[in-house]
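Enquirer: I am attaching a structure below and will ask some questions about it afterwards.
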Amino acid sequence: MSVAWLEQRSVYYLVSLASLVLALVLSMSWQWPGAPSQPSRMRLFMHDVLTGPGATAVGVVNGTGPVLIGGEPPLRFGQVVMIDDPLTEGPSPASTPLGSAQGFYAFASMHGPAVLLCMNVVLTAGPYSGSTLTVVGRDNFVAPLRELSVVGGTGRFRMATGYVLWRTSSWEMQKNAVLELDVFVYVHAHA
Ligand SMILES: *[C@@H]1O[C@H](CO)[C@@H](O)[C@H](O)[C@H]1NC(C)=O
């Protein structure tokens with residue numbers, strides 16, 4: 001082995017090492033333009049009040065399909081409920097108001113209690129006051145944990161994407177429910 005060959009080889013290794021370090025540094029500090037940033041996280045409690053003078057959820061279509069939940073009247077496939085449910089900071093309806101959840105849910109599963117939920121989260125207090133999020137997804141409300149999608153938003157949440165981890169905090173059958181929403185929202189840097 002000649003000395004020149006050895007030198008050539010070590011230069012080659014040095015250049016490879018330098019490129020590797022450069023690639024690592026770049027991958028850590030550089031993002032694709034428009035790539036989602038860290039998610040904003042919000043915890044909201046939603047009060048779905050079906051009974052009493054202060055009802056915020058109203059059945060607008062009675063389902064005509066198979067009975068999903070017995071009762072008087074029974075709950076059938078196709079039932080649609082419009083909502084304008086208050087959102088608060090804690091599980092008590094008397095806790096700090098943060099906005100409202102406006103939309104509907106429809107019993108969309110022939111063989112179980114899963115609904116298609118479609119709503120706008122209208123924030124009127126807190127750091128995102130004036131902004132909205134649009135949430136759509138499947139809510140199998142007897143499951144302990146559900147996941148719904150954030151498909152868009154306005155204001156601070158323009159072009160947002162994300163997800164909502166959805167749990168039932170308390171529930172009386174066909175009456176009132178309190179839902180706990182753990183919201184993860186990604187906004188795009190160039191939106
Ligand atoms: C649904 O059925 C119940 C019970 O029969 C009735 O009280 C209610 O008015 C009906 N709602 C609609 C939207 O038709």
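The values are calculated or read from the model by the stated rules, or taken from the named source; none is laboratory data. The structure presented is a predicted model; accordingly, all values stated were derived computationally and were not measured. Quick reminder, even Gly has a Cβ in these numbers, built from the backbone with ideal geometry, and neighbours come from all protein chains shown.
Enquirer: Looking at region 147-174, which of its residues are crowded, with 20+ Cβ neighbours inside 10 Å and part of a strand (DSSP E or B)?
Expert: Result: L148, V150, G153, G162, V164, W166.
Enquirer: Identify the residue in region 69-94 that is closer than 18 Å to W171 by Cα and polar (S, T, N, Q) and, among all such residues, is surrounded by the most Cβ atoms within 10 Å (Cβ to Cβ).
Expert: Ranking the qualifying residues of region 69-94, first place goes to T88.
Enquirer: Just one of (1) within 16 Å of the ligand (Cβ to nearest atom); (2) surrounded by 17 or more Cβ atoms within 10 Å (Cβ to Cβ) trips up L98, so point out which.
Expert: Every condition holds for L98 apart from (1).
Enquirer: Would you call D182 closer than 13 Å to S40 by Cα and in the same structural domain as G71 (by TED's automatic domain parsing)?
Expert: Here the answer is yes, as D182 does meet what is asked.
Enquirer: So in region 53-68, with the set limited to residues that are free of Cβ contacts under 8 Å to residues at least 12 places away in the same chain and either in a loop (DSSP other than H, G, I, E, B) or loosely packed, with under 12 Cβ neighbours inside 10 Å (or both), which one is farthest from the ligand (Cβ to nearest atom)?
Expert: G54
Enquirer: Within region 69-89, can you find the residues that are within 25 Å of L165 (Cα to Cα), assigned to a loop (DSSP other than H, G, I, E, B) and either more than 21 Å from the chain's Cα centre (by Cα) or among the β-branched types (V, I, T) (or both)?
Expert: F77, G78, Q79
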